[in-house]
Amino acid sequence: MKSVNTCWLRYHIIAKNASPDQSVAIVTGSSSGIGFETSLTLARNGFYTYATVRKLYDGSIPITDIAKKEDLSLQTIQLDVNNEQSVIDGVNRISEEKGRIDVVVNNAGYALMGALEETSMDEIKAQFETNFFGALRVMQAVIPTMRKQRRGKIVNVTSVAGRIALPLNSVYHGTKFALEGLSESIQYELESFGITYRTWRRCFKLH
């Protein structure tokens with residue numbers, strides 16, 4: 001299980017949550033790793049958290065078991081960032097149930113390693129589909145609700161790979177550089193609506 005920089009979460013998300021009501025958070029890619037731990041951290045700090053996963057399976061789900069044991073306000077729902085209708089349905093369900101969306105953490109993604117010459121176009125497209133277009137779909141789905149309520153926070157989990165490139169990771173770097181560029185631009189579009197944006201670069205202290 002990957003560790004989460006809870007200090008970053010507490011400073012940028014939890015401590016700066018100005019809502020007088022229980023805030024609603026969405027975390028994509030919550031079945032394991034950073035998304036798993038982020039969902040639990042937010043729920044443990046008073047957020048009603050929707051921990052989204054690509055597929056719901058029959059039987060016990062670890063994050064749901066923990067939430068029940070600790071009596072957390074956490075719900076696991078299906079949301080596949082690669083499927084536009086799945087994203088729309090998931091976000092609409094949350095909006096209907098809670099009437100608000102305060103925080104979105106775009107975490108879903110994976111790393112594709114290997115020489116570019118030996119990487120198939122299908123593999124490259126699949127990497128961009130999840131790491132870049134997946135986050136883009138979620139942002140497009142939640143922005144109308146955030147704009148209407150005149151507040152919200154979007155957190156894109158990127159990586160130092162979106163700033164510095166290393167060998168044998170060219171496609172992964174491409175997705176992260178693209179997400180960094182999109183995120184930097186969109187903050188100017190959203191600022192006047194009270195929507196703020198943060199980049200969470202894994203394993204490195206943010207500035």
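Could you count how many residues in region 83-99 are assigned to a loop (DSSP other than H, G, I, E, B) and over 17 Å from the mean Cα position of the chain (by Cα)? Number of matching residues: 1. So is Val105 assigned to a helix (DSSP H, G or I), crowded, with 16+ Cβ neighbours inside 10 Å and touching a residue at least 60 places away in the same chain (Cβ under 8 Å) or not? Spelling it out, it is not the case that Val105 is assigned to a helix (DSSP H, G or I), crowded, with 16+ Cβ neighbours inside 10 Å and touching a residue at least 60 places away in the same chain (Cβ under 8 Å). Between residues in region 10-38 that are closer than 17 Å to Gln75 by Cβ and surrounded by 19 or more Cβ atoms within 10 Å (Cβ to Cβ) and residues that are modelled with pLDDT of 70 or more and of a type in the set (Asp, Glu), which pairs lie under 8 Å by C-beta distance while being six or more apart or on different chains? Note: pairs meeting the criteria are Ser23/Asp102; Val24/Asp102; Ala25/Asp102.
In this structure, Tyr172 does not satisfy being free of Cβ contacts under 8 Å to residues at least 60 places away in the same chain, in contact with a Leu (Cβ under 9 Å, 6 or more places away or on another chain) and buried (at least 17 other Cβ atoms within 10 Å of the Cβ).
Looking only at residues in region 109-147 that are outside any helix (DSSP H, G or I) and hydrophobic (A, V, I, L, M, F, W, C), the one that is farthest from Asn92 (Cα to Cα) is Ala115. Residues that are within 19 Å of Val157 (Cβ to Cβ) and in a helix (DSSP H, G or I) are absent from region 71-82. If you scan region 148-207, which residues turn out to be modelled with pLDDT of 90 or more, assigned to a strand (DSSP E or B) and not hydrophobic (A, V, I, L, M, F, W, C)? If the condition is that a residue be modelled with pLDDT of 90 or more, assigned to a strand (DSSP E or B) and not hydrophobic (A, V, I, L, M, F, W, C), then Gly152, Lys153, Asn156, Thr196 are the ones that fit. Selection within region 1-56: residues that are over 23 Å from Ser86 (Cα atoms), in contact with a helix residue (DSSP H, G or I) (Cβ under 6 Å, 6 or more places away or on another chain) and not in a helix (DSSP H, G or I). The member of this set that is modelled with the lowest pLDDT is Lys2.
The values are calculated or read from the model by the stated rules, or taken from the named source; none is laboratory data. In this text the structure is predicted, and so the values were computed from the model without any measurement. Note that we place each Cβ from the backbone using ideal geometry, even for glycine, and neighbour counts take in every protein chain shown.
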